[in-house]
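The values are calculated or read from the model by the stated rules, or taken from the named source; none is laboratory data. All values derive from a computational prediction rather than experimental measurement. Don't worry about glycine lacking a Cβ; one is built from the backbone with ideal geometry, like all the others, and counts go over all protein chains shown. We work out accessible area using only protein heavy atoms, side chains counted, and drop any ligands, DNA or RNA first. Shrake-Rupley method; radii C 1.70, N 1.55, O 1.52, S 1.80 Å.
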Amino acid sequence: MGMAVETGKPGKGPKPSINVTPLVDVVLVLLIIFMLIIPNMQDDKPIELINVMFPDKDADSKEEPLVVTIDRNEVYTLEEQDMAREQAIGLLKDVYARSPKRKVLLRGDAKVPYKAVRTFFKDVQDIGFGGVSLAVGSQRKWDGGGEVD
């Protein structure tokens, strides 16, 4: 940090001038480093965020998703028709053959064992549908017991 000496009026001593530009540069570099590192840390552990390998190019598709509903008796409803699981998978294979970019929205009753929903979700992905979503209801208060309000 250089100090320049200015000569002012006669009788007064030299007047120092401090150059703060290098100090500001260092502070800005540190600020940028912290802005990049801090958001990628959770619980003081550095993490690498998941990257999308093949982003959905048709995210704004105007085609409505195909809604599949599983009721509490494990009856599958697809295009307003009630059917068994095997029939629903067969119909989904036909839909995929006609429209492979179509999305699927899976709705499961809260009383259905989650294993049934999870295995059907996997079956839909195995058919080839890339955009499978689970429909969820509004959040309810949980009191810590086995049932929700």
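I'd like to verify a number: residues in region 96-111 that are over 24 Å from the mean Cα position of the chain (by Cα) and crowded, with 17+ Cβ neighbours inside 10 Å, how many?
Qualifying residue count for the region: 1.
Give 32, 50, 37 a once-over and let me know the one that is over 16 Å from residue 133 (Cα atoms) and at pLDDT 90 or above. Full working, then the answer.
Details: 50 fails: at pLDDT 90 or above; 37 fails: at pLDDT 90 or above.
Result of the check over 32, 50, 37: 32.
Counting only residues that are open to solvent by less than 90 Å² (accessible area, probe 1.4 Å) and under 17 Å from residue 135 (Cβ atoms), how many does region 80-95 have?
Our first condition is that a residue be open to solvent by less than 90 Å² (accessible area, probe 1.4 Å); within region 80-95, this holds for 83-85, 88-92, 94-95.
When the remaining residues are screened for being under 17 Å from residue 135 (Cβ atoms), the result is 88, 92.
Number satisfying all stated conditions: 2.
Looking at region 71-99 only, could you name the residues that are free of Cβ contacts under 8 Å to residues at least 24 places away in the same chain and touching a helix residue (DSSP H, G or I) at 6+ places or on another chain (Cβ under 6 Å)?
78
Among the residues that make up region 128-135, is at least one of them at pLDDT below 90, open to solvent by 40 Å² or more (accessible area, probe 1.4 Å) and among the polar types (S, T, N, Q)?
There is at least one residue in region 128-135 that is at pLDDT below 90, open to solvent by 40 Å² or more (accessible area, probe 1.4 Å) and among the polar types (S, T, N, Q).
In region 120-135, is there at least one residue being under 16 Å from residue 74 (Cβ atoms) and of a type in the set (Ser, Thr, Tyr)? So that I can check it myself, show each step before the final result.
Of all residues in region 120-135, those under 16 Å from residue 74 (Cβ atoms) come to 120-124.
Still in the list and also of a type in the set (Ser, Thr, Tyr): none.
The answer is no; no qualifying residue exists.
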